[in-house]
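Below is one structure, written out as structure tokens; the observations come after it.
The values are calculated or read from the model by the stated rules, or taken from the named source; none is laboratory data. The shown structure was predicted, so the numbers you read here are calculated from the model rather than taken from an experiment. Virtual Cβ from ideal backbone geometry, glycine too; neighbours counted across all protein chains shown.
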Amino acid sequence: MSEQIVDIDRAATPSVRLRALVWTVFLPVVLYGIGSGAAAPMYALRALDLGASAGVAGIIVALSGLGMVLADLPAGRIVARIGERSAIALGSGLGLVGVLCAIFAPHAGVLAVGLLLNGTASAVWGLARQSYIVAVVPQAERGRAFSALAGASRFGLFCGPFAGAGLVYLLGPTGALWLQFGTTVISGAAMLAIRSADGDAVDSADHTLGSVVVENRKVLGTLGLAALLMGGARATRVALLPLWAAHIGVSAAITSLVFGIAGAMDVLLSYPGGIWLDRYGSRATGVPSMLLFAAGFATVPLTSTAFELAGVAVLLGLANGVSNGIIMTVGADVAPPGQRAEFLGAWRLTHDTGMFAGPIAVGLISAATVLGASALVLAAAASAGAIAMHRWFPGAYPIALRADRAGRARPG
């Protein structure tokens, strides 16, 4: 029988309904995503403007992901020490400094520093949002909450390039960066209005990041492996499809349209995926999504037209949309009491490592063999992820919810 790991986090903060989080959590995430989505394709152009080669520009852009990976563990400690609101203020400040470095960079080195700071800010922001939702949303609605959070972010990323097009036309690549600066200010200010999840209390428990990782090494090594493989699948679809589109002669404009359609599928399925996640559990959500990823990757080498590529992109968008929020939900369910923020930092590291390493793996495999081989390797990795999720991810929640009610009913 598959092992189920379910741990109930009984936060002292009274739970809230999802509707109450629209203005203080979900809308700010949309705004933050709009700025990020507008700026993301402009950073490479900014690097080229500063004299970097195409290869160096690609490395500079990847530094944002590296900054996120490096900051995941420290972000957990920061949130535990200063609380969610203060962490959001810190993350917003780091993000603003990073954007200003990119706007006013005199050379590519300063731009690289800016992107590292952006990645660090994203890690702190993301961890603070996740920790807050764990504290205030009832477990029975966590799947919907995290799926809505992921969907809000993806919606913002989807809208960002359209929102920034006018500023880019007027100001060049820095126009989108100014938009990111403005949305970071507004979204950070909005989230500072949240009620503290822990009464502004500081976590003074006698544990270190290292001890949290060691104590939870079994969970991080099993469920974390599945999270890593999902992170890799999500990131590599974005890296592989444009390369394959160029390989079969699909124009850049058509490729952009294909991604737009797949992105719409991703956003539309986020909340229904969350309802499914709450009702049937993470195993019944994660396994099908990873199998869809595997099927999509395995089909890539068989495509030769834009229409066929669009079908694969929609299939991968379906896989991503159904799985929105699942990694955050599982992390929330297994986070140990008293070590929530630190554990969630380590948990996010597993997924973000996959996000960072996946595209690099595509490049290395393609350089050593052919591009189609990368797709087949990704299909095998996604299948392994489905097996890992079937083995270790929790099933439906009724047992956990009964235990939670029993715990809340006990006096004291």
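Regarding segment 160-182, can at least one residue be identified that is assigned to a helix (DSSP H, G or I) and out of contact with any helix residue (DSSP H, G or I) (no Cβ under 9 Å at 6 or more places or on another chain)? Yes, because at least one residue in segment 160-182 is assigned to a helix (DSSP H, G or I) and out of contact with any helix residue (DSSP H, G or I) (no Cβ under 9 Å at 6 or more places or on another chain).
For Ala11, state whether it is at pLDDT below 80, touching a helix residue (DSSP H, G or I) at 6+ places or on another chain (Cβ under 8 Å), farther than 24 Å from Gly156 by Cβ and crowded, with 16+ Cβ neighbours inside 10 Å.
Details: at pLDDT below 80: yes; touching a helix residue (DSSP H, G or I) at 6+ places or on another chain (Cβ under 8 Å): yes; farther than 24 Å from Gly156 by Cβ: yes; crowded, with 16+ Cβ neighbours inside 10 Å: yes.
The answer is yes for Ala11.
Being farther than 20 Å from Leu257 by Cβ and either in contact (Cβ under 8 Å) with a residue 24 or more places away in the chain or surrounded by fewer than 21 Cβ atoms within 10 Å (Cβ to Cβ) (or both) is a description that does not apply to Val168. Filter segment 291-308 for residues that are of a type in the set (Phe, Trp, Tyr) and surrounded by 15 or more Cβ atoms within 10 Å (Cβ to Cβ); which is farthest from Ala379 (Cα to Cα)? Looking at residues that are of a type in the set (Phe, Trp, Tyr) and surrounded by 15 or more Cβ atoms within 10 Å (Cβ to Cβ), I get Phe293. Of everything in segment 391-403 that is modelled with pLDDT of 80 or more and crowded, with 17+ Cβ neighbours inside 10 Å, the residue that is nearest to the chain's Cα centre (by Cα) is Phe393.
A quick yes/no check of all residues on (1) assigned to a helix (DSSP H, G or I); (2) without any contact (Cβ under 8 Å) to a residue 12 or more places away in the chain; (3) small (Gly, Ala, Ser); (4) over 30 Å from Ala140 (Cα atoms):
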site	(1), (2), (3), (4)
Val22	yes, yes, no, no
Ala39	yes, no, yes, yes
Val61	yes, no, no, yes
Leu73	yes, no, no, no
Val97	yes, no, no, yes
Leu100	yes, no, no, yes
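Given the condition in contact with a Lys or Arg (Cβ under 8 Å, 6 or more places away or on another chain), aromatic (Phe, Trp, Tyr), farther than 25 Å from Leu73 by Cβ and assigned to a helix (DSSP H, G or I), answer yes or no: does some residue in segment 254-261 qualify? Taking every residue of segment 254-261 in turn, none turns out to be in contact with a Lys or Arg (Cβ under 8 Å, 6 or more places away or on another chain), aromatic (Phe, Trp, Tyr), farther than 25 Å from Leu73 by Cβ and assigned to a helix (DSSP H, G or I). For segment 70-91, the candidate set comprises residues that are surrounded by fewer than 19 Cβ atoms within 10 Å (Cβ to Cβ) and not basic (Lys, Arg); within that set, the residue that is nearest to Gly119 (Cα to Cα) is Leu70. Check segment 92-109 and report whether any residue there is among the small types (Gly, Ala, Ser), within 16 Å of the chain's Cα centre (by Cα) and in the same structural domain as Ala135 (by TED's automatic domain parsing). Checked segment 92-109: no residue is among the small types (Gly, Ala, Ser), within 16 Å of the chain's Cα centre (by Cα) and in the same structural domain as Ala135 (by TED's automatic domain parsing). From Ala284, Ala319, which residue is more than 20 Å from Ala152 (Cβ to Cβ), of a type outside the set (Asp, Glu), modelled with pLDDT of 85 or more and not assigned by TED's automatic domain parsing to the domain that holds Leu149? Just one listed residue meets the conditions, Ala284.
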